[in-house]
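Worksheet for the structure shown next.
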Amino acid sequence: MSDKQKYSPGVRKYIEQAKKILDQKKEQTDRVKKLKFDTIAVHGLYTPDEALSQNQGAVIEPLYLSTAQAYRDSDEMEAALAYLIPTWCYTRFANPTTTYLELVLALLEGYQTGSDTSCLVTASGMSALMLAVDSFLIKQKQGTEKINFVSSIQIYGGTFQHFSIRKMEERGIEVRWVEHQKDSEEWRAKIDENTRFLYSEAPSNPQQSFCDVKALADLAHSWEIPFIIDSTCATPALMRPIAYGADIVLHSLTKSITSGGLAMGGALISRKPIVTKIKNDNPLFKESFAEYVKFLPYRDTGPAAAPLNALFALNDLRTLRSKMDLVSQNSEKIAEYLSQHPRVYQVDYLGLESYHLHSLAKNYMKLVDSDDGKGNEINRYGHLLSFRVDGPPQNARHVFDTFKIILRAGDLGRIKSIATIPAISTHLQQGEEARAKADVPPQMIRLCVGAENPDDIIADIDQTLSSL
């Protein structure tokens, strides 16, 4: 008996109807893939036909605040809850507004990469991280199997805490830290048959570390394991790691993608298929990892994004490319100023030609759909930078405390310029020894540059540095 024959005629009727809808959606997706990045960001898969036929002509994607979906009858409910037809069912599982965001993020990360992609939106970047890695950290056999994964140590402080405490200390999963993530040989030396994935953050927060994305993806695949990368600071406007072989891309949507600062969110985008040697009976695990996570682990653990947050993110996303172009140019001007200041002993910004990782980042960090007049995309390096104030740590605190325009907060990615001292905020729990290995000294001020006139931000920095 086939799967369809197991169900009543009423259920089979809904399955046939759903097939027609899915075929139409695939045709629509194929059409949208041919559009430019900005057009995809603005429209996604929300069409005039859908606006008129389903949403009373609403020009903007509607906000669905309902917690649950109603069904026509028991046959439709059975088909929906068995995942035989498209459904959102319950906002812990999915939501129409969140789905609009997932569809456009998948398309933007997959833009011109040659790969199909799927996306899951979550309540925060940390929940996206947890869901991405946990599926690979399960024992495949009985006994004393000692599983591990390899990660750059230059990562967000919360990620370091999650890996070192939640994974290593509480669950006994070994984390093998790479101190120089540019060095592919250091990565290679730490991999063995029990390694489950490689993990990087590039550009890293706050020290602007970077990796050779393609080399690490190739290395991971030679061991039949996935390469996972947090690309929050780049956004798909400046780098799409899937083009270079990355399997899973993570974002804190709270940051640059939702630059207005009104929403929390995370995203997990996976290439179809991913590379993994983990055995899993569900075919989606390898073929469409983000969908697998959405249908099972995400459903069962419940880190659902609020629909209102998804709408805020969706609205900010529409102008992502132009905003990242603007704030990158602002950052480059400010970084050049800082690099010449006598009270600053180091500036960490990938856009500075003098920065030791500039040539590597130049291969990857490019403004999508830009043109330098010779058919090449223009390099842009994002709006996160750090500078290190000369003298004792108290000098950095004085500079930080004396800003008049720049806001003091642990946040980043805002349309407003925001600064923090990572050693006493985002990386405080990492501890002094780990901060030293990650190159996060107490003299470092992290600055995420906004869309203000950069001359005003330079003046604000100048007045406080001059007061030392």
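The values are calculated or read from the model by the stated rules, or taken from the named source; none is laboratory data. Nothing here was measured: the structure is a model prediction, and the numbers come from that model. Don't worry about glycine lacking a Cβ; one is built from the backbone with ideal geometry, like all the others, and counts go over all protein chains shown.
Conditions first: (1) modelled with pLDDT of 95 or more; (2) outside any helix (DSSP H, G or I); (3) among the β-branched types (Val, Ile, Thr). Residue 426 passes all but one, so which condition is the exception?
With (1) modelled with pLDDT of 95 or more; (2) outside any helix (DSSP H, G or I); (3) among the β-branched types (Val, Ile, Thr) applied to residue 426, the lone miss is (1).
For the condition in contact (Cβ under 8 Å) with a residue 24 or more places away in the chain, touching an Asp or Glu at 6+ places or on another chain (Cβ under 9 Å) and over 23 Å from residue 111 (Cβ atoms), what is the one hit in 65, 101, 84?
Only one candidate qualifies: 84.
When residue 290 is evaluated against the numbered criteria (1) surrounded by fewer than 22 Cβ atoms within 10 Å (Cβ to Cβ); (2) part of a helix (DSSP H, G or I); (3) within 15 Å of the chain's Cα centre (by Cα); (4) not acidic (Asp, Glu), which criterion, by number, is the only one it fails?
Here residue 290 clears every test but (1).
Being in the same structural domain as residue 194 (by TED's automatic domain parsing), in a helix (DSSP H, G or I), under 16 Å from the mean Cα position of the chain (by Cα) and more than 20 Å from residue 409 (Cβ to Cβ) is true for just one of 267, 310. Which residue is that?
After applying the criteria, what remains is 310.
If residue 51 satisfies all but one of (1) in a helix (DSSP H, G or I); (2) aliphatic (A, V, I, L, M); (3) surrounded by 14 or more Cβ atoms within 10 Å (Cβ to Cβ); (4) in contact (Cβ under 8 Å) with a residue 12 or more places away in the chain, what's the number of the condition it fails?
Every listed condition holds for residue 51 apart from (4).
Taking the stretch 1-48, which residues are among the basic types (Lys, Arg), free of Cβ contacts under 8 Å to residues at least 12 places away in the same chain and in a helix (DSSP H, G or I)?
Of everything in the stretch 1-48, those that are among the basic types (Lys, Arg), free of Cβ contacts under 8 Å to residues at least 12 places away in the same chain and in a helix (DSSP H, G or I) turn out to be 4, 6, 12, 19, 20, 26, 31.
Residue 112 is checked against (1) under 21 Å from residue 238 (Cα atoms); (2) within 17 Å of the chain's Cα centre (by Cα) and fails just one. What number does that condition carry?
Of (1) under 21 Å from residue 238 (Cα atoms); (2) within 17 Å of the chain's Cα centre (by Cα), only one is false for residue 112: (2).
Being among the hydroxyl-bearing types (Ser, Thr, Tyr) and on the phi > 0 side of the Ramachandran plot narrows it down to one residue among 100, 83, 90, 71; which is it?
Values: 100 fails: on the phi > 0 side of the Ramachandran plot; 90 fails: on the phi > 0 side of the Ramachandran plot; 71 fails: on the phi > 0 side of the Ramachandran plot.
Just one listed residue meets the conditions, 83.
When you go through 46, 100, 7, 71 one by one, which is the residue that is over 30 Å from residue 235 (Cβ atoms) and either modelled with pLDDT under 95 or under 29 Å from the mean Cα position of the chain (by Cα) (or both)?
7
When the residues of the stretch 425-453 are narrowed to those that are among the aliphatic types (A, V, I, L, M) and farther than 12 Å from residue 206 by Cβ, which ends up surrounded by the most Cβ atoms within 10 Å (Cβ to Cβ)?
Applying the filter and picking the extreme gives 449.
Within the stretch 364-393, work out how many residues are closer than 14 Å to residue 351 by Cβ, touching a residue at least 60 places away in the same chain (Cβ under 8 Å) and assigned to a loop (DSSP other than H, G, I, E, B).
At the first step, the residues of the stretch 364-393 found to be closer than 14 Å to residue 351 by Cβ are 364-367, 378-387.
Still in the list and also touching a residue at least 60 places away in the same chain (Cβ under 8 Å): 364-367, 380-387.
Okay, now just the ones that are also assigned to a loop (DSSP other than H, G, I, E, B), so 364-365, 367, 380-383.
Residues that pass the stated criteria total 7.
Scan the stretch 394-423 for residues that are out of contact with any Lys or Arg (no Cβ under 7 Å at 6 or more places or on another chain) and either assigned to a helix (DSSP H, G or I) or not assigned by TED's automatic domain parsing to the domain that holds residue 382 (or both) and report the count.
Final tally of qualifying residues: 7.
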